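The values are calculated or read from the model by the stated rules, or taken from the named source; none is laboratory data. Given the structure is predicted, the values throughout are model-derived calculations rather than measurements. Cβ placement follows ideal geometry from the backbone for every residue including glycine, while neighbour counts extend to all protein chains displayed.
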Amino acid sequence: QDGFNMAKKNGVVMVSFSHRLGIFGYMDLSHIGVPKYEHSCNLGNLDMVAVLEWVHDNIRYFGGDPDNVTIFGESGGGGKVCQLMGMPAAKGLFHKAICQSGGFHAVDPVFGRKDTDAFLAHLNITKDNIEELERIPAEDLIRTMREINAERENGDYLNFPVVFDGEVIKYDPFDGGEGSEYCKDIPFVICYTKEDMALLALFNPEIFELTWETLPKKLAECGYTEDETREVIDTYKEVLKDPTAVDVMIALMNDNHQMKFMEDVSRSREGRNGAPLYNAIFAFESPDPVQKAFHGTDVPFFFDNAYLAPGMYTARNKAEAFRCSDTCGSAWAAFAKDAGDPTGRNMPKWLPYSREHRYTMLFSGETELVCEYRKKARELVYRYTGKNLPGFGRQKSKK
């Protein structure tokens, strides 16, 4: 995204960067038994630390303040924000954080090593000839990964995930214990989109075909009993406006993942006298009647770049889209510039989220602050945990 509007309209310095991904950033060779690869995992995250070190040393020459750095990212980038919060190497290099449609998403090392072993086996590489890996051109490594994934029909694709290794990523910042204490002084915003989980429906196309007749069967497949299914449907018919069966399923998936993550983080920071926590939901709906505020649709808006997302509005609501975009961008800038207060232009005072007062800012044509957003749905999600709903990623280890 282009940071020009954010910088010009809000008086902030924007820095974007790239880092190593996949094979090049996260192949874990630490278990191979070769000393030079002992610390090979999570190199992509260390790239981000290098960026933050550069910012610390040089941003003053661009008008920035090295003692007031805010990081933000969306989806996988939101996950990286959360991981940086638990990395000692990043401590003190940033001071505020925004996670958009993300989560901790660092997995048990066993998953990363499983991907590595499958990849090496395909190349006939072992511990004895491991240095052959360094001689293979990058293009061939990428082609090999694609070949392996093309052979896998069960969805268990190689992706070389970020791993919770206990060294580079030492803490889970939301564990309710040592990790939460470690990052308690970082003002934190968690934002997600109202239909984030419509993304997963793209990989489960039958979700888009659900009807009131077939929804109970789908919920049963996810582990809901007949009585629980009835309660789910009744609850979402109450909290949503004239929903379809597809709307109910996507909302349930969203709340089970995103809303629950928000509440889990709040509970993990409870009683620590730390920095404020804020919640936001991007609710500006695209013209698509199903996807609506789909995963990723918030990104151009929070850069104040609605003009880069013409598919998000029509001539009829273009003015609303640009007003929402201005408000979104100004909120992130206000959070970065001030003492962690994300109240921007054309929006009410943004109050922190806590279990006593669950305030959520709904960004749309008319941005509003609500308390206890979808309360009955949140209570339902916590009442029926452990269901097999589609979600993101593998489970992290418990260190």
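Of the residues making up region 275-284, those that are in contact with a Lys or Arg (Cβ under 9 Å, 6 or more places away or on another chain) and either modelled with pLDDT under 95 or hydrophobic (A, V, I, L, M, F, W, C) (or both) are Ala275, Leu277, Ile281, Phe282, Ala283, Phe284. Here Arg345 clears all of (1) outside any strand (DSSP E or B); (2) closer than 30 Å to Leu93 by Cβ; (3) touching a strand residue (DSSP E or B) at 6+ places or on another chain (Cβ under 7 Å) except the condition numbered (3). Here Ser268 clears all of (1) surrounded by fewer than 16 Cβ atoms within 10 Å (Cβ to Cβ); (2) modelled with pLDDT of 95 or more except the condition numbered (1). Among the residues making up region 1-54, those that are basic (Lys, Arg) and modelled with pLDDT of 95 or more are Lys8, Lys9, Arg20.
Can you find a residue that is outside any loop (DSSP other than H, G, I, E, B) and of a type in the set (A, V, I, L, M, F, W, C) anywhere in region 284-291? No: region 284-291 contains no residue that is outside any loop (DSSP other than H, G, I, E, B) and of a type in the set (A, V, I, L, M, F, W, C). The criterion of at least 1 residues that are within 27 Å of Phe282 (Cα to Cα) is met, among helices (runs of 4 or more DSSP H) falling completely within region 1-100, by 4-10, 43-58, 76-85. The number of residues in region 33-48 being touching a residue at least 40 places away in the same chain (Cβ under 8 Å), surrounded by fewer than 19 Cβ atoms within 10 Å (Cβ to Cβ) and among the hydrophobic types (A, V, I, L, M, F, W, C) comes to 2.
Among residues of region 111-133 that are under 17 Å from Pro161 (Cβ atoms), those with a Cβ under 9 angstrom from a residue that is charged (D, E, K, R), sequence gap 6+ or separate chain, pair up as Phe111/Arg394; Gly112/Asp28; Gly112/Asp165; Arg113/Asp28; Asp115/Asp28; Thr116/Asp28. For region 351-367, the tally of residues that are in a loop (DSSP other than H, G, I, E, B) and out of contact with any helix residue (DSSP H, G or I) (no Cβ under 7 Å at 6 or more places or on another chain) stands at 5.
Which one of Lys292, Lys241 is under 17 Å from Leu199 (Cβ atoms), among the basic types (Lys, Arg) and surrounded by fewer than 22 Cβ atoms within 10 Å (Cβ to Cβ)? Answer to the check: Lys292. From the list Ala121, Ala106, the lone residue that is modelled with pLDDT under 95 and aliphatic (A, V, I, L, M) is Ala106.
Please specify each residue of region 294-313 satisfying the condition of being modelled with pLDDT under 95 and out of contact with any helix residue (DSSP H, G or I) (no Cβ under 8 Å at 6 or more places or on another chain). Pro310, Gly311, listed by residue number.
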